[in-house]
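Down below is the structure, laid out as structure tokens.
Quick note: the coordinates plus some simple rules give every number you see, no bench work behind them. Computed from a predicted structure; not experimentally measured. Using ideal geometry, Cβ is built from the backbone for each residue, glycine included, and neighbour counts are taken over all protein chains shown.
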Amino acid sequence: MELETRLKPHGDHASVTKAARWAEDLGFKTFFASEASYEPFLPLVTAAMATERIELGTGIAVAFGRSPYVMAKSAWYIHSISGGRMVLGLGTQVKAHIERRYGMNWQGAGKPLAEYVDCMRELWRSWRDGDSPNYVGEFFRSNLSNPEFVPEPLPAGAGPIPVWIAAVGPELLRHAGRVADGVNFHAFTTPTVIRDQLMPAIEESRQKAGVTSSMRFSCSVFSGVAHDDAELRALRDHFRDIISFYGSTPTYRNVLASLGFEDLGPRLRELSRQREWKKMAGLVPDDLVDQMAVLGSARDVAHGIRQRYGSLLTQVSVYRGGDRFMTDDDWNTLVEVMRAP
């Protein structure tokens, strides 16, 4: 199991350079930039110039906020300047955000996203082979080009651009199983949900499509290192707030149910409608926090993550805020223990 890291929001050139070099020096597998307060590809240009080995990924880029052509061009450029280290992580967002924030048309999540990936791969093929793309689907089309618009070839040794898909439920994962090289599971989950509800959907679609290539699985795990009781209480309260927030959303009722807390969701939902945030957190017991979050010393956290997710995930990150007390020695311990046979 490998460790990945995610760029914190509002990173300027100097902070991105520092963060990327820090991650590479410590031995992280992948350095992800997210699409929140900034455009995710731009920091990766800086990270590509500052590093030599670490993978560089979008975690995630919103697919339906861009055409397949625009997304394919951006990923190709990062892959090119980094010497083949790009990982293109895609997400769908939701209808309201696509239409009202991005000003684009919403056509659904599963089948349109799978077609989106197929269209990008046809574009990449055409740029590699030096001919015109020929993709006409139900939702997307790309069958017009000329030499002026073809990007420079990828450097020698650069393989195909891996495409990862971020997904919450089985429906989107059935499509991801056919077209994706990796999956980013949502952080609000449990090993039981991944093993019993999500993995079967992926395997079913891969078998149906005859896909035999390897696949990588990632998740930002509720986890954090504490050096004393005060830090442990702070981390527990941090994740208590996060659990109450996600638990109030009906989409995640299955996660609470997998831990025996199926009655908690409706109660959190009602308080969220009343904007009673503190009362929501007060409903989350220590037992639930301890079942969802891996907290303790660096060595205990690394072993705990491996024990819970070692048979399911190929790489993980520490969920935001869980690293607030961590030192470089703690990170070194995590990387070492996670990589151990």
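Below 14 angstrom from the Cβ of E152, what's the summed charge of the other residues (Lys, Arg +1; Asp, Glu -1)? Walk me through the intermediate numbers first.
Numbers: positive: K73, R128; negative: E148.
Summing Lys and Arg as +1 and Asp and Glu as -1 gives +1.
Going by C-beta contacts inside 10 Å, put Y309, Y102, Y77, Y116 in order with the fewest on the left. Don't skip to the answer; put the middle values down first.
Numbers: Y309 23, Y102 14, Y77 17, Y116 26.
Lowest count first: Y102, Y77, Y309, Y116.
Just how large is the dipole of the chain about the Cα centre, in debye to the nearest 20, putting +1 at every Lys and Arg Cβ and -1 at every Asp and Glu Cβ?
Charge dipole, the chain, about its Cα centre: 720 debye, nearest 20.
Think of the chain as a dipole: +1 on every Lys or Arg Cβ, -1 on every Asp or Glu Cβ, centred on the Cα centre; then among G89, L235, G103, G103 lies furthest on the positive end.
Dimensions of segment 253-341 along the principal axes, based on C-alpha atoms and rounded to the nearest Å, stand at 46, 27, 19, largest first. Only lysine pairs 8 or more places apart, or on different chains, with alpha-carbon atoms under 26 angstrom apart are counted in segment 1-133, and they number 9. For the pair segment 11-72 / segment 263-333, the C-alpha centres are spaced 25 Å from each other. Taking the number of Cβ atoms within 10 Å of each Cβ as an exposure proxy, the fewest-first ranking of M280, M49, M326 is M49, M326, M280.
Principal axis analysis of the Cα atoms in segment 60-166 yields extents of 42, 27, 21 Å, listed in decreasing size. The angle between the Cα long axis of helix 264-273 and the main principal axis of the chain comes to about 80°, on a 0 to 90 degree scale.
Give the order of K8, K73 when sorted by the count of other beta carbons within 10 angstrom, beginning with the fewest. Let's see the in-between values first.
On the way: K8 13, K73 18.
In increasing order of surrounding Cβ atoms, one gets K8, K73.
Taking only the Cα atoms of the chain, the ratio Rg/Rh comes out at 0.97, with Rh defined as the Kirkwood radius.
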